[in-house]
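All remarks here apply to the structure that follows.
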Protein chains: 6
Amino acid sequence: MFQIIFLLSLFLSISNAANQDFCVADLKAPDTPSGYPCKPAATVTVDDFAFSGLIAPGNTTNIISAAVTPAFVGQFPGVNGLGLSAGRLDIAVGGVIPLHTHPGANELLVVTQGHITAGFVSSASTVYVKTLKKGEIMVFPQGLLHFQVGAGKRNAVGFVIFSSTSPGLQILDFALFASNFSTPLITKTTFLDPVLVKKLKSVLGGSG
Amino acid sequence: MFQIIFLLSLFLSISNAANQDFCVADLKAPDTPSGYPCKPAATVTVDDFAFSGLIAPGNTTNIISAAVTPAFVGQFPGVNGLGLSAGRLDIAVGGVIPLHTHPGANELLVVTQGHITAGFVSSASTVYVKTLKKGEIMVFPQGLLHFQVGAGKRNAVGFVIFSSTSPGLQILDFALFASNFSTPLITKTTFLDPVLVKKLKSVLGGSG
Amino acid sequence: MFQIIFLLSLFLSISNAANQDFCVADLKAPDTPSGYPCKPAATVTVDDFAFSGLIAPGNTTNIISAAVTPAFVGQFPGVNGLGLSAGRLDIAVGGVIPLHTHPGANELLVVTQGHITAGFVSSASTVYVKTLKKGEIMVFPQGLLHFQVGAGKRNAVGFVIFSSTSPGLQILDFALFASNFSTPLITKTTFLDPVLVKKLKSVLGGSG
Amino acid sequence: MFQIIFLLSLFLSISNAANQDFCVADLKAPDTPSGYPCKPAATVTVDDFAFSGLIAPGNTTNIISAAVTPAFVGQFPGVNGLGLSAGRLDIAVGGVIPLHTHPGANELLVVTQGHITAGFVSSASTVYVKTLKKGEIMVFPQGLLHFQVGAGKRNAVGFVIFSSTSPGLQILDFALFASNFSTPLITKTTFLDPVLVKKLKSVLGGSG
Amino acid sequence: MFQIIFLLSLFLSISNAANQDFCVADLKAPDTPSGYPCKPAATVTVDDFAFSGLIAPGNTTNIISAAVTPAFVGQFPGVNGLGLSAGRLDIAVGGVIPLHTHPGANELLVVTQGHITAGFVSSASTVYVKTLKKGEIMVFPQGLLHFQVGAGKRNAVGFVIFSSTSPGLQILDFALFASNFSTPLITKTTFLDPVLVKKLKSVLGGSG
Amino acid sequence: MFQIIFLLSLFLSISNAANQDFCVADLKAPDTPSGYPCKPAATVTVDDFAFSGLIAPGNTTNIISAAVTPAFVGQFPGVNGLGLSAGRLDIAVGGVIPLHTHPGANELLVVTQGHITAGFVSSASTVYVKTLKKGEIMVFPQGLLHFQVGAGKRNAVGFVIFSSTSPGLQILDFALFASNFSTPLITKTTFLDPVLVKKLKSVLGGSG
């Protein structure tokens, strides 16, 4: 029923038509505002589209009893140009993902184990908080301060997905106390006590 | 240190400034190309941003031994305007999410239980297939045919997140055999045998 | 009335202001998610913005009695960054552009000769079909299965324009039967008969 | 092989999932920045996606010996939300589509009959001009002054497609001489002679 | 040279073509993700496109010795759909615009009087600070914590322009201490001292 | 309270997460449709985000008694990817910024000194004109012809901000009379008198 001539003529005419269903990042090239240049399609394999780095729990034996493992474009080049990236949250009992923002993306959280109390603060200074159980999802609009806290008697796990391949991550304590933000400017722009600022800087490694 | 005058003057000047951190869908209003009109901010609660409909497994006692449960904007109005939505896949042993596309979104799959063999076909007719285990993620570029198949000896569960609040869902078998697509046009445009087409239509309920 | 000083002063101050009215693709550079890097403006000529490759009819002496000739960014670098590309359809009597999708673009068809029966299937499994005559136009939303079939007693010609410089082209038969999509996975995810799948693969060159 | 339970369970879970493959304009509702609200999907027919208004030639028995017939969203509601619209150019011998811009869209011209000399002026004051024959296409970047002139010994026809559903159309002569643009402001901002301005206004109906 | 027939024929064919050069907000209609519905073009005047609310200095006789006056879409409906809005900063000697983010927009500051020390903190916890004088401009990427402080011996004035009509405004102190953010959750997610939190809440009016 | 282990574990897991809060242009690399490639974040300083080139007035001792000084991405690489750029207008008494368009951006004008009469023409040939004083702002939708004219008895200054890093600038007189636009094509497409066209070309340096 089909003949070789069909394949030849049709294939020839569309041979250059099938470009850029996807654009797997060439992370060695410079980034652009729309993402990284594409690696050659001929070198792309299924392993560019799948990512195993979120299988293992993050190490929560730290002061926050929690860990964030990113699968942004820098770790997972297959998301380049697709407007999506991901991460894994591990929160031990009593653990906390400190108050933070993602300046470049909306976030959707899927709780896959345990209970997580999550919340965000709007521009109108309203706080939206809820304790989520396994299978529940919640969204956090771009750029708003939000947090996740362990809420049960066992470790909690969540997966977060972002509406950008480079959501960014600005942790409030790090921005203030682990940066080179000068203490006079911090106190002037936050009304926090300079003694407190200096103490937290000494712990978190801030300067200035 | 702070005084009422601070609050008053600052609040007054910014009282109209805090709009549209979010735009929770008013599903009773007509949709627009950018999404639904926003319900009034004063009526928004945290329950608009959280969704419990994916907690329970879908019913897989059917012929495909699988189920898809959507959390698109129609079910989860809090995603309106955020460029994200979600769904839950339940795949019993031997189950299958049939070949389909999402015409309006890229997809990111998180396997949260069991093993899933997933794949997609590119415009260049290359098939990218991989068997994923719990914690692995995979992306499926917009509009490309893809599938998920149970791959282990126990039920598998996955969460899918989309880069749109209305990703759409075009199941190949439904488009061909559960629609009003006329048999002569199907056979002419797919080269499938009309006997086969009629048989599948009789099963799936297609007409034409 | 005008003086040289006007030109000098005004030209000097705006000499760097006139960049990127356009961005003609440098096809030898790697693609990015937003398109190809721009060739230097000084090397751009009107021939970058015009394309003659759609003047000649495609060769329809093949099994589908039809041809698709693309003017995507790969063929027509002047469209780079403009969110538009084009193609030409030639459909001999009885010819058919098989069922396919453009995963990356909406499509607008202009019939310029003869009659074409065109249609698409929505996510809701509704088929929208119409026979178009010369001068009629029709749109096909992104990612949905659609087709064009010759409908008159003479050759038909149409021009298709896409809302992207890289619309992609996924022909259903090629995705299934001209790819490396394994027969067991095809039958499992489409419910097609394996005997049929193998027969079509042998014709179209599929493997797996 | 298939059973009713398959259809029931699968259909039920996705019944709300298939929204907004498209958004046909409800032109009686107020426009929004992203386009018109969608008419209910249940009332959509194939005639919303096809448009017959460009079949007939425009009337060129006028002073420019040319006509532009639009198929923007206001005429062709099926393009709403798809980022595409169209128009038809009829240019009699010696006719001209006067210098104009589309402030809201890039343009792709397909010549379908005769010869058209087309050109645009860049921000760098370079003019790109070419005489196109039947089957040739040319792009005009957004917002730049451009024109089409009949170039042969018979009537010419072209179809133009835009990267927006509302490209706008600013005809230079109309902006200056058919508007309420005051003559002193015109002469001050264009250096044209006031006598000339007044003469052209009297012809084209301008005031001010 | 021109004749009535020209005007009539040309005007008739394009009478519906000129829609949506702009979309002035109808603020009484519900907002959408892309902005407010448009008020009828016939009711639009130049006063929709101009805004006088930033002429007068804001009242800086408050505890921060500063004021922010917004010209977002809620105040200035002409920006609707244009992806731009503005604001005025008045900073008396020693005044401060406290640490804040705009979750929905990039910002460009133009200093028009006096000296302003401005800075932002990146996701990598680097602080970029500079003292700007009259005529200097500075950009602040979306969603990042930033501040402006008076730096001279006289009042300073700046105009800020945003890449969105609804940039939002999340003032850190207000999010923490003027909201219903519960003290236990604040201390858990910021490591601030609960005594301090309660003190600041009592001043700023926070609850919880 | 905090311990080193916190910093180490958290920093390690997010070390690659903080990319592309911004993308300062590497102007030596080729431009792309989304902007220039990013210079390495490690080489970025605050001086990339601030720009001093608009402090000094432009030279208005020319025939238009006005000057435009751009701060587009070519001058101010920190705006790359941020969708914003700026410029400074200096208009001496009687000066004029001639009729022009920005094909790639909406514009927001802030008057910072004196009085400016500004206006634009819509696609519907309506002219919106207003005389603005210090502190007033006005928007000009993308691609529409507009102008600014000195309106008082002293020099006027304005800052313009654009919704793109590359707004472009097409000055009508330059497009017509300082370009290689052939006189026959100009007269044919504008109905201007060829004698006038040639005279203005001789002044402004046009050819063709």
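The values are calculated or read from the model by the stated rules, or taken from the named source; none is laboratory data. Source: prediction; values computed, not measured. Quick reminder, even Gly has a Cβ in these numbers, built from the backbone with ideal geometry, and neighbours come from all protein chains shown. Please note that ligands, DNA and RNA were not included when accessible areas were found on the heavy atoms of the full protein model with its side chains. Shrake-Rupley method; radii C 1.70, N 1.55, O 1.52, S 1.80 Å.
Buried (at least 24 other Cβ atoms within 10 Å of the Cβ) and assigned by TED's automatic domain parsing to the domain that holds A:Lys153, is that true of A:Ala92? I'd like the intermediate steps shown before the answer.
Numbers: buried (at least 24 other Cβ atoms within 10 Å of the Cβ): no; assigned by TED's automatic domain parsing to the domain that holds A:Lys153: yes.
In short, no.
Scan C:Asp31, C:Asp48 and give me the residue that is touching a Gly at 6+ places or on another chain (Cβ under 6 Å), at pLDDT 95 or above and either surrounded by fewer than 24 Cβ atoms within 10 Å (Cβ to Cβ) or not assigned by TED's automatic domain parsing to the domain that holds C:Ser163 (or both).
Details: C:Asp31 fails: touching a Gly at 6+ places or on another chain (Cβ under 6 Å).
Of the residues listed, the single one that is touching a Gly at 6+ places or on another chain (Cβ under 6 Å), at pLDDT 95 or above and either surrounded by fewer than 24 Cβ atoms within 10 Å (Cβ to Cβ) or not assigned by TED's automatic domain parsing to the domain that holds C:Ser163 (or both) is C:Asp48.
Can you give me the number of residues within the stretch A:160-171 that are part of a strand (DSSP E or B) and open to solvent by 10 Å² or more (accessible area, probe 1.4 Å)? Even if it seems obvious, please write down each step before you answer.
We begin by selecting, within the stretch A:160-171, every residue part of a strand (DSSP E or B); these are A:160-162, A:170-171.
Okay, now just the ones that are also open to solvent by 10 Å² or more (accessible area, probe 1.4 Å), so A:171.
Going through the stretch A:160-171 one residue at a time, the tally reaches 1.
Of all residues in the stretch F:26-68, how many are within 30 Å of C:Thr165 (Cβ to Cβ), without any contact (Cβ under 8 Å) to a residue 12 or more places away in the chain and over 18 Å from the mean Cα position of the chain (by Cα)?
Result for the stretch F:26-68: 5.
Suppose the filter is at pLDDT below 95 and surrounded by fewer than 20 Cβ atoms within 10 Å (Cβ to Cβ); does B:Leu12 pass it?
Working: at pLDDT below 95: yes; surrounded by fewer than 20 Cβ atoms within 10 Å (Cβ to Cβ): yes.
Yes: the conditions hold for B:Leu12.
State the number of residues belonging to the stretch E:54-63 that are modelled with pLDDT of 95 or more and either in contact with a Phe, Trp or Tyr (Cβ under 6 Å, 6 or more places away or on another chain) or not in a loop (DSSP other than H, G, I, E, B) (or both).
Of the residues in that region, 0 qualify.
(1) in contact (Cβ under 8 Å) with a residue 40 or more places away in the chain; (2) part of a loop (DSSP other than H, G, I, E, B); (3) of a type in the set (Gly, Ala, Ser): which one isn't true of D:Ser125, the others all being true?
The number of the failed condition is (1).
Of the residues that sit in the stretch C:126-141 and are farther than 19 Å from C:Ala66 by Cα and more than 8 Å from chain D (Cβ to nearest Cβ), which one is farthest from the chain's Cα centre (by Cα)?
Going through the qualifying residues, I end up with C:Thr126.
Quick one: would you say E:Leu204 is out of contact with any strand residue (DSSP E or B) (no Cβ under 8 Å at 6 or more places or on another chain), within 20 Å of E:Thr101 (Cα to Cα) and either open to solvent by less than 10 Å² (accessible area, probe 1.4 Å) or in the same structural domain as E:Gly78 (by TED's automatic domain parsing) (or both)? If you could, list the steps in order and put the result at the bottom.
Values: out of contact with any strand residue (DSSP E or B) (no Cβ under 8 Å at 6 or more places or on another chain): yes; within 20 Å of E:Thr101 (Cα to Cα): yes; either open to solvent by less than 10 Å² (accessible area, probe 1.4 Å) or in the same structural domain as E:Gly78 (by TED's automatic domain parsing) (or both): yes.
It is true that E:Leu204 is out of contact with any strand residue (DSSP E or B) (no Cβ under 8 Å at 6 or more places or on another chain), within 20 Å of E:Thr101 (Cα to Cα) and either open to solvent by less than 10 Å² (accessible area, probe 1.4 Å) or in the same structural domain as E:Gly78 (by TED's automatic domain parsing) (or both).
Here's a check for you: in the stretch A:103-122, which residue that is within 18 Å of A:Thr69 (Cβ to Cβ) and more than 7 Å from every other protein chain (Cβ to nearest Cβ) is surrounded by the fewest Cβ atoms within 10 Å (Cβ to Cβ)?
A:Gln113
Considering every residue within the stretch A:129-141, establish whether at least one is under 30 Å from A:Val46 (Cβ atoms), in a helix (DSSP H, G or I) and free of Cβ contacts under 8 Å to residues at least 60 places away in the same chain. First the steps, then the outcome.
Here is the first cut: in the stretch A:129-141, the residues under 30 Å from A:Val46 (Cβ atoms) are A:134-135, A:137, A:139.
Imposing the further condition that a residue be in a helix (DSSP H, G or I) reduces the set to none.
So far as the stretch A:129-141 goes, no, none of its residues is under 30 Å from A:Val46 (Cβ atoms), in a helix (DSSP H, G or I) and free of Cβ contacts under 8 Å to residues at least 60 places away in the same chain.
Within the stretch A:172-191, how many residues turn out to be open to solvent by less than 10 Å² (accessible area, probe 1.4 Å) and either free of Cβ contacts under 8 Å to residues at least 24 places away in the same chain or assigned to a loop (DSSP other than H, G, I, E, B) (or both)?
Residues that pass the stated criteria total 6.
May I ask you to list the residues in the stretch D:69-83 that are in contact with an Asp or Glu (Cβ under 8 Å, 6 or more places away or on another chain) and either over 15 Å from C:Ser163 (Cβ atoms) or part of a loop (DSSP other than H, G, I, E, B) (or both)? Spell out how you get there, then give the answer.
From the stretch D:69-83, those in contact with an Asp or Glu (Cβ under 8 Å, 6 or more places away or on another chain) are D:69, D:77-78; that's our starting set.
If the condition is that a residue be in contact with an Asp or Glu (Cβ under 8 Å, 6 or more places away or on another chain) and either over 15 Å from C:Ser163 (Cβ atoms) or part of a loop (DSSP other than H, G, I, E, B) (or both), then D:Thr69, D:Pro77 are the ones that fit.
Would you pick out the residues in the stretch D:123-141 that are farther than 28 Å from C:Val157 by Cα and either open to solvent by 20 Å² or more (accessible area, probe 1.4 Å) or in contact with a strand residue (DSSP E or B) (Cβ under 7 Å, 6 or more places away or on another chain) (or both)? Write out each step before concluding.
Initial filter on the stretch D:123-141 (farther than 28 Å from C:Val157 by Cα): D:123-128.
Selection gives D:Ser123, D:Ala124, D:Thr126, D:Val127, D:Tyr128.
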